[in-house]
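Here the structure is laid out as structure tokens; the discussion comes afterwards.
Quick note: the coordinates plus some simple rules give every number you see, no bench work behind them. Just so we're clear, the structure is a prediction, and the values are computed from it rather than from any experiment. Positions of Cβ are generated from backbone atoms using ideal geometry, with glycine treated the same way; all protein chains shown enter the neighbour counts.
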Amino acid sequence: DLATAFNDRGHIKYLRVEFAAAMEDYTAAIQCQPGFEVPYYNRGLVLYRLGCFDEAMKDFRKVLELNPQFEDAALSLKQAILDKEEKEKRGY
């Protein structure tokens, strides 16, 4: 389906370190199928790598709302929280 195609194309762009383009595809996948948790997770990973911890945490929380058994999302959320706290301690 279209949501899966956008997600898969986004993943290819992510692997090429084309983060802005990957996020556009993940967002398009979400718009096509709002209940599809994988593009939220993938977009969260990109946001995390860019240091946008609040936005990443929002996406990881959405994944867990849609699928509470998504263990990678739970781990990623915990890591984003820890990294955000560390960033704040360092004052940047």
Take each of the peptides 29-36, 57-64, 69-76, average the number of other beta-carbon atoms within 10 Å over its residues, and list them starting from the highest.
-> 57-64, 29-36, 69-76
Between the helical axis of 53-66 and the dominant principal axis of the chain, each derived from Cα atoms, what acute angle in degrees is found, rounded to the nearest 10?
-> 50 degrees
Overall Cα dimensions of the chain - principal axes, largest extent first, Å = 44, 29, 17
Sequence ranges 14-27, 42-55, ranked by mean other-Cβ count within 10 angstrom, highest first | 42-55, 14-27
So which lysines can K89 reach, going by Cα to Cα under 28 Å and dropping same-chain residues fewer than 8 places off?
-> K58, K62, K78
